Every structure is written in C-alpha cells, then in structure tokens.
1. For B:SER419 and B:ASP106, what does the FRET efficiency come to when R0 = 30 Å and r is the distance between their Cβ atoms, rounded to the nearest 0.05?
2. With unit charges on the beta carbons (Lys and Arg positive, Asp and Glu negative) and the dipole taken about the Cα centre of segment A:75-319, which residue among A:LEU147, A:TYR129, A:GLY209 sits farthest to the positive side?
3. Student exercise: in chain A, how many lysine pairs 8 or more apart or on different chains have Cα atoms under 27 Å apart?
4. What nm distance separates the two modelled labels at B:ASP354 and A:VAL34, each placed 7 Å from Cα along Cα→Cβ?
5. Would you mind ranking B:LYS110, A:LYS317, A:LYS181 by Cβ crowding within 10 Å, fewest neighbours first?
6. How shielded is A:272-283 by partner chains, expressed as the average number of their Cβ atoms within 10 Å of its Cβ atoms?
7. Neighbouring Cβ atoms within 10 Å as the yardstick, rank A:HIS88, B:HIS162 fewest first.
8. If Lys and Arg each add +1 and Asp and Glu each add -1, what is the summed charge of the other residues whose beta carbon sits under 13 Å from the beta carbon of B:THR168?
Amino acid sequence: MPDTSVADRETAAATPAPRPKRGMPTWLPGFLLVLPSIILIGVFIYYLIVKNFLTSLTNRNSNNLNLKVHFIGFDNYTRLANDSTYVHAWWNLLVLTVAFIIGTMVFGVLWALLLEKGPKFEGIFRSVYLFPMAISFIAASVAWKWLLNPQTGPNAIGLNQLFQLVGLDSLQNAWFSSNSKFNMVAMALPAVWQLSGYIMALFLAGFRGIPDDQREAARMDGASEFKIYRYVLFPQLSPVALSALIIIGHMSMKMFDLIYALAGATSYVAGVPATMLWAQLSTYKYGLAGANSTIILVVVAIFVIPYLIYTRRSEKKAGS
Amino acid sequence: MRRTPLIAGLAAVSLMLAACGSDNTADSGGSSPTAAASDTAAARDTAAASDTAAASDTAAASDSAGASDTAGASDTAAAGGTEVSASKVGDGGAGGDVGVFTWWADGSEKLGLDALTKIFSEMYPNNKFVNLAVAGGAGSNAKAKLASDLQAGNPPDSFQGHAGAELTDYINAGQIEPINDVIDSLGGDKVFPKDLLDRLTVDGKIYSVPSNIHRANVVWVNNEVLTKAGIDPKKAPADIKAWIADMDKLKAAGIATPLSIGGTWTQVELFETVLISDLGAEGYTGLFDGSTKWDDPKVTTAVADYAKLLEYTNTAADGDDWPPATDMVIEGKAAYNVMGDWAVAEFTSKGKKDGVDYSYWAVPGQDGVYDFLADSFTLPKGAKNAAGTKDWLMTVGSKEGQTAFNLAKGSIPARTDISKDIFPPYQQWAMDEFKSATIVSSIAHGAAVSLGWNTAISSAISKFMATKDQAGLQTDLVSAASDNLG
C-alpha cells in the first residue's frame, strides 16, 4: 500500500500536466492547506473587527442584566469626541509617536553609521545596542519607573538624582508626570532606548546589502565620503527607512504596556487611547471601548495602508 | 499525496470547530471583564497586596441553610445567635468539595487563608476544602480567570471580592446570590456593626460575608519630625485647617514635604478623607446614593482643601505604589502619610516602634469615623455545592475563623464580639474604634462605588494632579456621579 502511493506521487510529480481524471484540481491541496489560516484570520481578525464596530454602535456600556442593548448610532463616538480627556490622550499619542520615531531614527542611523564599516568589536557593540529589545516593556518599566521618578530636590531619585550628582540640577524635571504639553517626550525615552538597536539592525542590514563596488566607483570619481553617503548610499536605503518608520509608528500608536506599567490605566498626563481602552473595558463600557478601538484601528490603517500599497507596487515592479 | 488533502481537510475542520468555540466566549464579552478586572486589580492591588489585610473576606457563613439541608443541624445554627462557636458542634457540614477562589497565594494572606482552612475543616469535617487560589499580579490574574469562569457559567463555590459597591457589577450581572440567611444565623447586627451591614446592603440584600476590615482614613506620623518642629505627634489636629497650619509649621522647620503621596489611588484615598472631613460622615455617605449632590458647596470646599494639601506634598507619578510614600514618613523625609492600615506592616518591617517612632490617628476632622474597606466571600449563582459554600461562609464569619484569619493577616475582624487582647497594639486601637465609630465606605478601595465609578473618579483625580483646575475636578466628579447613579 505505501509503495503504490509513493509510486503515484512520483508519477504525479513527474508529469503534472496529464493528471488522472479522478485527481483533484491542482489548486485544491494548497487551498486546503491555507484554509485553516484563512478561517482563523477571518474569524479572529475580520469577523471580530466587524463585531467590534457593531458593538460600538450600541448602548452596551454596562454589564447589567437588565440592559436592553439597542443601536444608538454614533453616540459613543460623539461622546468620545467631546471628552477632553480622550482628546488629550490623542495629543499625548501624537507627541509620543513623533518623539519615538525621531529618537529611534536618530540613534538607529547613528549607530548603524558607526558600525557599518566593521570596526573592532563590532559584534559586541551590535549586541549591546540590540539587547534592550530582548526585555519586555513591562519589565523595563520597573527600572524606568524609578529612573523617571518625578521628585526633585532632596528627595530626588533616578535620573533627577543623577543630574544633581553631576551638578546639572537645573535639568531636573518631573518627566512624564509634568504638566507640560510635551511631557510624553519623556515617555518616549524608554521606548527609544528599547528600539533604537532594532532600527540600527535594519539600517546595518541595508548598508551591508549595498555592494562595495559602488563606493569604490564613487571614490574613483572623486566623491567625498559625505557625498558617497548622501548621493550613493542613503537613496538606496529609503525602503529601509520607510519600513522602520512604519514599524516604529504603528508600535507607538498601539503603545500600551509601557504606559500602563509606568502610569497606570487612569492616568491623565500620560493617558493614551490604548490605556483608556483598557479602562473602558475593565468597567464594562463595551460600546465606548468599541468606538475607541475602531478609531485607533482607522488611524493605524491610515498610517499603514499606504505603506502596504507602496510595497506591493514596488514588489510588482521588481517582479516584472 | 492522496492523504495530504484529507489531513489538511481534517485539520481545517477541527481548527474551525476550535475557532467557533472560542469565538463564543469572545463574543459574549468574556474577555473584556477580564481586562476590566485586572485593571482594578492593578489599581488597588497594591493596596490589596500590601494589605496584609485586604482580606476582609466577608465570609459570613450562615450556614443555617446548608446545615438544615443536610443534617438537621439547623437547630444549632439557628440557636447559635451570637454564640456562633456553637456551630462547631454542628453536623459536620454539607459534604463534598468546596472550591474557594482567592488571590491569596503567598505572604500573610496565604497564612490567613491557611488558618481559615484549618478552622473550616474542624467545624465542618465532612467538607473538603479545595484551594482555587490563583497567584500573580496581585489579584489581576485571578480576576481575569474569575471573570471568564463566571461568564462561562462555571463559577467556583465561593470567591473573594472587595465588600460593598464593587460587588455591584456581579450583582447587576446576576452572578452572585444574596446570603442574608448566613449573616442572620451568624448573629446579624448583634455581632457585626449595624453601620457595616448598612454599607453592605443593596436593596435590602447582603451579598457577601466580610472576613476582615481595613481602615483607609489613617494618618501615619513620624514622631521625631513633629517633635522637632514643636508639634505633639500624639495629638491629632482638630480639623483640616488646623492640620494645614501644622504643615506650615513643618515647612518653616525645614521639612520640604510635610505630606507624602503615591500614585493615583493614594491620591483618591487622600481626597476621600478630605471629603469625609468637610461633609461629615452622613453627607459623605449620601454622595453615593444621590442624597448629597457632588456640586454641593461643601464638595467645593473639600476640593479647595485637597488642592491646598497638595501644595505640601511630594511630586508623584500616577503609577507609583504606596510603600515609597509611607517610607518617606518612616525615613523622616515626610511628616505625614494618609494610608490604609496595611501601612502598619511597613513600619513593623522597618523595625519601627508603635508610639515611639510613629503615631497614627484618624484624618483630622473625622474622629469617630471609620473609613472601611474589606475583603469578603460570596455565593455565586450556580455554585455546584451551595450548601458547602454556606458552610464556608459560616466559617469565615465565625468567631474562630475571624480571629485566626485576622491574627495571621494583620487586619481586624468584622465581628465586634472578639476579644482584642491577643491582637497587636494597632489592631487593638482599630478594633476599639471600629466598635464605636461611624462606618463609611472607601472610594479608592471599591467599598463605596462600582468599578466604573471608581475609574471615573480616579481619572478625574489624575487629571487634577496635572491641571490643578478645581472647578474642572468638581465638574468631572459631577458627571462621573450622573453617569453612575443614572
């Protein structure tokens, strides 16, 4: 029995065109193999997105048994839009995202430039820069909570105390707890610390992917080192930069663990839509939580979809 | 090759089934309460965790029902009245497994639970105690598991919860049953303070038996710091104004932060004690049933006093825990800290002597008011061994159970007929106060308000910390109340 099937298989593999009539269409086995993923993604992603959106249109803002759930249109959305705390949370997220992207890009590119020519101990430096990524946000937050402690003066600990020790007292501040419009820049610090190494790795791979002859050719033509980077290397890294931007950008927009661990779920100064979502869910406000998550989804989609279209196009171009 | 599609097909079908199964849960919102639960947990865990005591489990077990079912032991129970210890002579219990769900998996909480379990097996030898404790996350893991079990209609025989309004969500969702019979057979208001029972009653029904009591409105004082500034540490100021005057003196004496605070929930706790002082016990309690309005001028005064107090505090991040704030008092960096009475364990662990190194009194302006929070045990709807649950609740509410549990955990019993002699000095003071004081419910620890309301108040307080906008805080509090009182 096994022999026959092996034989069958071999025949089938050797002569794909004249298949036996009884066999199934060629696409079917492949389709069946991916079917589980299609179903799982369909149920757990797309069905739930729809379900979530439908919930956001209802008054399901309590777990009371007597609650009559009915559609209330976009009331939950208007409630959120009129909630100054929610609007403030989006401002926080914007500041966080901008600071996070700029920070990781600057450090990532800088480190990649430094390591790109293969200095001594490159491996060690690379690992050192990458290591923070191995730690989860929650675990890192334990240390950052202490570093970013808002106390100044005699009771200061963490970074503020460090500033005092080196005589930079005037730099002490309340970090993300300060009542400033841009306090979330401080919240971006731990995130930048964690992910700069990742961006470095992306750029380093990008640099290594460019053949050396291009530099040599440029040098022969008398280009300065700066010009080589500016006109030969960097233009070729724009896809890497774009990927890095998208990865960091969407991570930032979904940022929850770091903020939850540092400031809790009900924080105003450090609140972002994701932490508010948590607070809404935990108090059974499913309608509001649904509206909130739909808004987050749409915003992330606005950010990510152009990138997907772009990569698809360039892949097609490369393919043809 | 022939078999591959078959296997793939089978796999697809089974995955689909699996997917549908889990989909149901997700759909019914099972996952979200979890989230919710853990949240609260996070907020107050700290409290709970540290509390040695948060464990006031109300386990008032009135087994009279259980007892009568089984062995006609109901007589004993009924006759028991105040003499609950009589139940020990009972019938031995309903029999079967009693699964009790807690997050008391280590430390003094575990010791307390073990002590309670021992009493349970002595009182009801027929029952087998099954420990369903879930460790980790200071209760957040446990609450997540509990929420999904309840949603799936597979409740434990009893579970732990903060006594009071925080159970509202379970009550509204129809997940727990009234246990007035248990409370009655334990002795009702003969053994529990009437005030306490009033705070636990929802529409005439009581849903849980408190196992231990904590007090939230305690000021912890560093004696040395106050003596240096010429203030008597043993004597509480008469009211908030006098307290602020003392803080001015301390500032003049060079103490930069007379009052220490921690993260958001500790600020809520401070604010609620200011509310109690400025509104009085009755006015404060009225805030939660609508008889006191949140836009009352007295609330405005309280907000102003709270804002004033914040001028004397350290800066804290929203996510900070309470021990650093209490440690500031222990180390003499701050003079006062308003904290629940689990703080006493922090003083003890740092080797400080009650009365010598530190003192404590009720927050000024509320002498004779006991701002309580408690852990309690419930009877879930659909519990497999309801009679066994009632045995458990009887144990939790019994004299022996409460004594053993609270001695181990460091809190005080909810019963007032227990001799205080064997308790440490702080607990003795607290037990005296508890007997005579007016009891009000804590906002920060879920006794006064539901989870949703608590979250709204916490956000408002967190916002106020940043903006210092007094009118804005009151507006937020008013809208939180109108959202939650309906």
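1. The pair B:SER419/B:ASP106 has a calculated efficiency of 0.55.
2. A:GLY209
3. 10
4. About 7.1 nm, to one decimal.
5. A:LYS317, A:LYS181, B:LYS110
6. 6
7. A:HIS88, B:HIS162
8. Summing Lys/Arg as +1 and Asp/Glu as -1 gives -2.
All of the numbers you see were taken from the coordinates with simple rules; none came from a lab. A quick note: this is a predicted structure, and the numbers were derived from the prediction, not measured. Cβ atoms come from the backbone with ideal geometry, glycine included; neighbour counts cover every protein chain shown.
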